[in-house]
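Below is one structure, written out as structure tokens; comments come after it.
The numbers here are math on the coordinates, done by the rules we state, and not lab data. Computed from a predicted model, the values in this text were never measured in an experiment. So basically every Cβ, Gly included, is an ideal-geometry build from the backbone, and we count neighbours across all protein chains shown.
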Amino acid sequence: MARASEILAVAQAELGYTESPAGSNRTKYGAWYGLNGQPWCMMFIQWVFSQAGASDLLPAKTASCGALMRAAKAAGTWVTGGYQPGDVVIYDFPGGAATDHCGLVLQSAGGGVYAIEGNTGAGNDANGGQVQKRIRSNTLIVGAHRPRYQAETEEDSKGMDIDIEGLTKEQLIRLAERMQNALAERPISNTLAAELEEAKAMGITSGSSPNAFCTRAQAAVMVARSMGK
């Protein structure tokens with residue numbers, strides 16, 4: 001059984017991932033699920049839990065937000081308030097379906113939540129093409145599936161309710177450094193292993209700490225190497 005912190009670590013490592021080509025809904029999550037080219041917010045959630053070896057913590061294997069909601073209600077894991085880190089929230093945006101979109105709660109944020117979401121973007125909340133961290137008002141949340149996670153230890157739970165907006169620049173840098181170190185220790189997923197080996201063979205990357213953050217400068221160097229410049 002996984003902890004909420006372990007699920008969130010997998011999701012955070014995906015921040016910035018973008019579908020390709022733009023507007024296609026084609027992603028590694030859709031390819032993994034078997035519905036590539038379809039809206040993928042729920043497929044992202046399913047992939048995250050699978051990568052953590054915790055698919056059994058979801059009430060159903062589905063690409064539908066509505067189906068997950070109904071399964072959670074049937075399983076007795078549906079909540080409509082007091083959202084916690086690791087909850088799978090379902091949204092109802094104005095003008096759309098009753099269950100438009102979903103996300104993974106990172107932390108509470110006053111009258112809402114910070115959540116990691118697949119297939120979102122500034123111009124399109126529910127089909128924006130990228131994995132991003134978004135802040136959402138509770139008024140947009142229909143409810144959430146609350147997985148029966150393994151209890152967090154005191155050390156695991158430290159910092160899960162950080163007021164990000166209140167941190168100083170120095171504190172943010174220290175937090176980023178700790179996240180970098182934690183992510184660097186995670187092994188690469190099986191879905192990316194072959195491509196990582198190919199990139200190493202081409203001299204694009206050394207392959208060390210494959211899940212660590214990549215700065216814009218590092219990304220530029222890797223692109224230049226891949227182009228043979």
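Observations, loosely collected:
- The modelled label-to-label distance between Ala219 and Ala151, using points 7 Å beyond Cα along the C-beta direction, is 4.2 nm.
- Cβ-based exposure ranking for Asp56, Asp125, in which fewest neighbours within 10 Å come first: Asp56, Asp125
- Look at Thr120, Thr139 and count the other Cβ atoms within 10 Å of each Cβ; fewest to most, that gives Thr139, Thr120.
- Mean Cβ neighbour count within 10 Å, used as a protection proxy, ranking 79-90, 35-46 highest first: 35-46, 79-90
- Length released on extending from Ser206 to Gln38, taking residue separation times 0.36 nm less the Cα-Cα span: 57.1 nm
- The Cα atoms of region 4-145 give a gyration tensor whose axes a ≥ b ≥ c have a/c under 1.5, which makes the shape rounded.
- Gyration tensor verdict on region 167-226 (Cα atoms; rounded if a/c is under 1.5, prolate if a/b is larger than b/c, oblate otherwise): oblate
- Based on C-alpha pairs under 8 angstrom that are at least 6 apart in sequence, the chain has a relative contact order of 19 percent.
- About the Cα centre, charge dipole magnitude for the chain (Lys/Arg +1, Asp/Glu -1 at Cβ), debye: 400 debye
- Approximating the spin labels as points 7 Å out from Cα along Cα→Cβ, the Thr139-to-Ala67 distance works out to 3.2 nm.
- Between Tyr17 and Ala97, the simple spin-label model (points 7 angstrom out along Cα→Cβ) gives 2.1 nm.
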